[in-house]
Amino acid sequence: MPELPSIPLTHQEGVYKVADFSGDLDNDNAVSLDYDPQYQMLTYDIPVGKDWRGMTLYNVPEDDLDRTLLAAYDKEGHLQTITAMLSGHETLLYIRYENEQHARQKIHRFAIRNANAIIEQIQRCPDIVARLFIEYYMDADTIDYHAVIGTAAQMEAVMQKGHYEDSCDYSGNYPSENIEGDNERLITMVRCAEGHPCENFRYAVEIMSKHIEEHALPALHKTEDFKYICAEYD
């Protein structure tokens, strides 16, 4: 794969293939991308307020990146987003916010949409539900936010094993698969906003968890001792 050209922070309004840009740009006014084909790792720095923040994406298919990397500019010529279709999924690499309030609005709007995607999957469960877990985690380059369903039959099996008193309240004791939204987009949105990314993530977590509680739980067939458990893990 040839070296990726830098993406200017200002350009004529429109959506452009990154391959259309020249490699001869002032890096102080552009987003420079570095791709490691051996590890399928993309690294780059983005402007956040008056500073720059390092970003890393893993498991990035080389062919997808080369063919589908796009930059979008508004009518004032400001770079608004960088996206790519990676493994058939539109992936957000960068988003520009006007200010802190604008960032909060965008994150809030996405958090509701992401929670709705998770709720839709939760509501497909036809079984009686004893536990619904929400688990989340963030480090420098990774975000995870997901739900786990514990059915009444699964909880009965956990109780029979009886490893410890509150065995039923740990999602790892249930065989259900994680139910996720778009964690890749979420991490980009919280890391492109000013302020500490962990605080931005917790803001999104609070919105999603409350929305799931309000809209997923009423539609479930629940046991009398049903619990909704939200917890951060490490």
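Since every read-out is calculated from the coordinates, none of them should be taken as a lab result. From a predicted model like this one, the values you see are computed outputs, not experimental measurements. Every residue, glycine as well, gets a Cβ built from its backbone with ideal geometry; the counts of neighbours run over all protein chains shown.
On full extension of the chain, what length is gained from Asp144 through Cys198, given 0.36 nm per residue of separation minus the C-alpha to C-alpha distance? If you can, show how the numbers build up before the last one.
Details: separation 54, 0.36 × 54 = 19.44 nm, distance 1.20 nm.
Value of the extension gain: 18.2 nm.
Using only the alpha carbons of the stretch 102-234, determine the length spanned along each of the three principal axes and report them from longest to shortest in whole angstroms.
49, 29, 19
How high is the relative contact order of the stretch 1-105, given as a whole-number percent (alpha carbon pairs under 8 Å, six or more residues apart)?
Taking the mean separation of contacting Cα pairs over the length of the stretch 1-105, I get 25 percent.
Please compute the modelled spin-label separation between Arg113 and Glu232, points set 7 Å along Cα→Cβ, answer in nm with one decimal.
2.6
Give me the lysines in straight-line cross-link reach of Lys227: C-alpha distance below 19 Å, same-chain residues under 8 apart excluded.
Once the sequence-local lysines are set aside, what remains near Lys227 is Lys210.
Treating cross-link reach as a plain straight distance, find the aspartates and glutamates whose alpha-carbon is under 12 Å from the alpha-carbon of Lys106, omitting any fewer than eight places away in the same chain.
Glu98
What 222 nm value per residue comes from the helices of the chain, counting each DSSP H run with n ≥ 4 as -39,500 (n - 2.57) and dividing by all residues, nearest 500 deg cm²/dmol?
Computed ellipticity for the chain at 222 nm equals -9500 deg cm²/dmol.
Candidates [x] 66, 39, 28; [y] 55, 37, 32; [z] 71, 42, 36; which is the computed Cα extents along the principal axes in Å?
[x]
Of all DSSP beta bridges in the stretch 77-234, what percent run antiparallel (nearest 5)?
70
At 7 Å along the Cα-to-beta-carbon direction for both Asn178 and Thr10, put a label point, then send me their distance in nm to one decimal.
Distance between label points: 4.2 nm.
Consider a paramagnetic label point 7 Å from the Cα of Ala153 along Cα→Cβ; state which residues of the stretch 96-131 have an amide N under 11 Å from it.
126-128
Pop a pseudo-label 7 angstrom from the Cα along the beta-carbon direction at both Glu98 and Asp166 and give the gap in nm to one decimal.
4.5
With only alpha-carbon atoms counted, please give the Rg and Dmax of the stretch 1-113, in Å.
Every Cα atom of the stretch 1-113 included, Rg and Dmax give 14.1, 41 Å.
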